[in-house]
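Read the structure below first, then the notes.
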Amino acid sequence: MAHQKPKKGLSVSMKENLFGYSLLIPSFIFLSLFTFYPVIKSIKLSFYSGPLTRLQFSGLDQYKNVFSDELFRKVLLNNILFLIGTVPTSIFLAMYLAIWVNKNIKGSSFLRTAFFYPTLIPLIAVANIWLFVYTPKYGLMDRFLDFLSIQGPNWLGSPNLAMFAIIFMIIWKDAGFYMIFYLAGLQNLPGDVYEAALIEGAKPFQMFKNITFPLLMPTTLFVMIVAITNSFKNVDHLYIMTKGGPDNATNLLLYYIYEVAFTNWDLGKAAVLTIILIAILLSVTAFNYFYLDKRIHY
């Protein structure tokens, strides 16, 4: 029996793989241009100091200067406080709102629209609105307190209150956005589980604790990653409302990078701060996906 000659050309599976990879080429090009290249450029720039026209290699000196900088530690602490103040509250408020508007009640469509509406407003516009709300004597907040015969403080001018004012504004804007994800998750939960719980005489809080909350954990993980990322990248409002003041009480890491890079023109230090920010976000994401994700029931 004559041996058959092997067919020339690529196998079917290899052709399918090449076709699949070719579809990824446009995304890979954009990712390389706007993500990989800037990160590599920032890493290289972090080892230099001085203005852009007279950069000098300084090794790890920029890193030492940043970590010994008291202002950097203050800004990093501000960002941690901002994260703690906005992320848990926004998530639990979004979950509560989603459970509320998911019920078959009169006006639920209007409530969903009302809660989601702040998300549609650009952050710059939101900052201008709340700047008017917090304006001493003439703002809505002080007008309301004046009606109650209470003298309102300088919300954005006090180092002890400015961060809380910013946190409250961000919660107002973001809770409705996260509510949409929880609403989608609630509508995909099995109804027969709740029927069985009702037959067993479970109370609403028991159903939330033992059924709703555990089954919404995949949604919570996703929302938590988005919320943490937003807490480090939402800085547009600072430029309008406080510019990081008073006394750097509201200065956050990304806004501090902007100031160092485009006000002081210290690009080496700004590159170091950028690398630190990237490392923080990568660490948070890796912890969520490689640790928390494995402990969540899907």
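A Cβ distance below 9 Å, combined with a sequence gap of six or more or placement on separate chains, defines the contacts here; from segment 35-63, residues that are more than 11 Å from Ala271 (Cβ to Cβ) and touching a residue at least 24 places away in the same chain (Cβ under 8 Å) reach residues that are open to solvent by 100 Å² or more (accessible area, probe 1.4 Å) and not in a helix (DSSP H, G or I) in the pairs Gly50/Gln56; Pro51/Trp265; Leu52/Trp265. Residues that are assigned to a helix (DSSP H, G or I) and either under 22 Å from the mean Cα position of the chain (by Cα) or surrounded by fewer than 10 Cβ atoms within 10 Å (Cβ to Cβ) (or both) within segment 102-112 comprise Ser109, Arg112, listed in sequence order. When the criteria are applied in full, Ser32 meets the requirement of being part of a helix (DSSP H, G or I), surrounded by 11 or more Cβ atoms within 10 Å (Cβ to Cβ), free of Cβ contacts under 8 Å to residues at least 12 places away in the same chain and not aromatic (Phe, Trp, Tyr).
Among the numbered conditions (1) aromatic (Phe, Trp, Tyr); (2) closer than 20 Å to Leu156 by Cα; (3) open to solvent by 80 Å² or more (accessible area, probe 1.4 Å), the only one that Tyr117 does not meet is (2). If the condition is being among the polar types (S, T, N, Q) and closer than 24 Å to Met241 by Cβ, then segment 147-186 contributes Gln151, Asn154, Ser158, Asn160.
Beta carbons closer than 7 Å, at least 6 apart along the sequence or on distinct chains, pair a first residue in segment 274-287 that is under 16 Å from Phe47 (Cα atoms) with a second that is surrounded by 13 or more Cβ atoms within 10 Å (Cβ to Cβ) for Thr274/Ser42; Thr274/Ile257; Ile275/Ser42; Ile275/Ile43; Ile275/Ser46.
For segment 194-212, the set of residues classified as open to solvent by 30 Å² or more (accessible area, probe 1.4 Å) and touching a residue at least 24 places away in the same chain (Cβ under 8 Å) consists of Phe208 only. For segment 252-270, a tally of residues being of a type outside the set (Asp, Glu), under 23 Å from Asn230 (Cβ atoms) and either touching a residue at least 12 places away in the same chain (Cβ under 8 Å) or touching a strand residue (DSSP E or B) at 6+ places or on another chain (Cβ under 7 Å) (or both) returns 9. For segment 213-223, state whether one or more residues are open to solvent by less than 20 Å² (accessible area, probe 1.4 Å) and within 19 Å of Asn79 (Cα to Cα). Yes - at least one qualifying residue is present in segment 213-223. When residues in segment 120-152 are screened for being open to solvent by less than 80 Å² (accessible area, probe 1.4 Å), of a type in the set (Ser, Thr, Tyr) and over 26 Å from Tyr239 (Cβ atoms), 0 of them pass.
Just to be sure before I move on: is Thr250 more than 30 Å from Leu189 (Cα to Cα) and buried (at least 20 other Cβ atoms within 10 Å of the Cβ) in the structure I sent? Criteria met by Thr250.
Among the residues of segment 156-174, is there at least one that is outside any loop (DSSP other than H, G, I, E, B), modelled with pLDDT of 85 or more and among the hydroxyl-bearing types (Ser, Thr, Tyr)? Spell out the reasoning first.
Initial filter on segment 156-174 (outside any loop (DSSP other than H, G, I, E, B)): 162-174.
From the residues that got through so far, the ones that are modelled with pLDDT of 85 or more too are 162-174.
From what's left, among the hydroxyl-bearing types (Ser, Thr, Tyr): none.
For segment 156-174, residues outside any loop (DSSP other than H, G, I, E, B), modelled with pLDDT of 85 or more and among the hydroxyl-bearing types (Ser, Thr, Tyr): absent.
The values are calculated or read from the model by the stated rules, or taken from the named source; none is laboratory data. Since the structure is predicted, the reported quantities are computational estimates derived from the model, not experimental observations. All Cβ positions, even for glycine, are placed from backbone atoms using ideal geometry, and neighbour counts span all protein chains on display. Accessible surface areas use protein heavy atoms only, side chains included; no ligands, DNA or RNA. Shrake-Rupley method; radii C 1.70, N 1.55, O 1.52, S 1.80 Å.
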